[in-house]
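A.B. asks: For reference, the structure I am asking about is given below.
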Amino acid sequence: MGIKYWEFEDAPLKEKLKSPNVKEIAKVFFDNETEAYRFSALLLEAKKRGSLRLKDAPKNIPIATAKRYLDYAVQIGLLKHEDSEYSLTDRYTRPFKNIASYIKAWMDFQGEEDLAVLFANAKVDKQSKRGGRAPKGDEKEGKAQADGAK
């Protein structure tokens with residue numbers, strides 16, 4: 001976790017509360033911009049829809065990755081998981097009081113947020129498959145390529 005307590009002291013917090021965004025929340029939990037982007041995309045989707053199912057996750061985030069990030073959000077108290085749906089909640093522990101205030105302000109904030117601008121350096125495309133078995137339709141192609149290589 002990348003918590004920088006001085007960013008959430010009373011004076012800086014008041015400035016941040018004027019225009020909260022999901023990037024500030026993700027920066028608390030992730031140092032890597034790609035991880036922060038994926039986490040933010042899922043939180044933003046849950047906020048827009050009211051609740052999020054895994055099948056409704058953004059297409060550029062693999063389902064297994066989405067599940068891992070959503071379960072992490074449940075562990076830290078940002079989301080709750082009931083009836084196969086993830087939805088926003090506000091269960092926070094005392095040490096995160098100011099961070100919780102910021103997150104609550106973001107949940108209530110109605111402005112638009114552009115993830116492409118907030119995470120300009122993040123890798124947003126799905127990673128290509130690295131190995132394992134090919135899908136059933138690709139078996140013939142793989143065999144034809146292997147025969148052509150001989």
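A.B. asks: Return yes or no: is Lys18 surrounded by 15 or more Cβ atoms within 10 Å (Cβ to Cβ), farther than 28 Å from Asp125 by Cβ and charged (D, E, K, R)?
C.D. replies: Working: surrounded by 15 or more Cβ atoms within 10 Å (Cβ to Cβ): no; farther than 28 Å from Asp125 by Cβ: yes; charged (D, E, K, R): yes.
Criteria not met by Lys18.
A.B. asks: Something else now. Return the residues of the stretch 79-103 that are of a type outside the set (Gly, Ala, Ser) and modelled with pLDDT of 85 or more; say none if nothing qualifies. Break it down stepwise before answering.
C.D. replies: Within the stretch 79-103, the first condition is being of a type outside the set (Gly, Ala, Ser), and the residues that meet it are 79-83, 85-86, 88-99, 102-103.
Within the stretch 79-103, Leu79, Lys80, His81, Glu82, Asp83, Glu85, Tyr86, Leu88 qualify.
A.B. asks: For the stretch 17-46: of the residues being part of a helix (DSSP H, G or I) and at pLDDT below 90, which is nearest to Trp106 (Cα to Cα)?
C.D. replies: Taking the stretch 17-46 first, the residues part of a helix (DSSP H, G or I) are 22-29, 33-46.
Then keep just the ones that are at pLDDT below 90; that gives 22-29.
Numbers: Val22: 7, Lys23: 10, Glu24: 10, Ile25: 9, Ala26: 12, Lys27: 14, Val28: 14, Phe29: 16 Å.
The selected residue is Val22.
A.B. asks: Report, ordered by the first and then the second residue, all pairs with beta carbons closer than 6 Å, sequence separation of six or more or different chains, a first member in the stretch 102-124 that is farther than 19 Å from Lys18 by Cα, and a second member that is among the charged types (D, E, K, R) and in a helix (DSSP H, G or I).
C.D. replies: Here the result reads Phe119/Glu33; Asn121/Glu33; Ala122/Glu33, each pair linking the stretch 102-124 to a residue that is among the charged types (D, E, K, R) and in a helix (DSSP H, G or I).
The values are calculated or read from the model by the stated rules, or taken from the named source; none is laboratory data. The model shown is predicted, which means the values in this text are computed figures rather than measured ones. Here the Cβ is made from the backbone with ideal geometry for all residues, glycine too, and neighbour counts use every protein chain on show.
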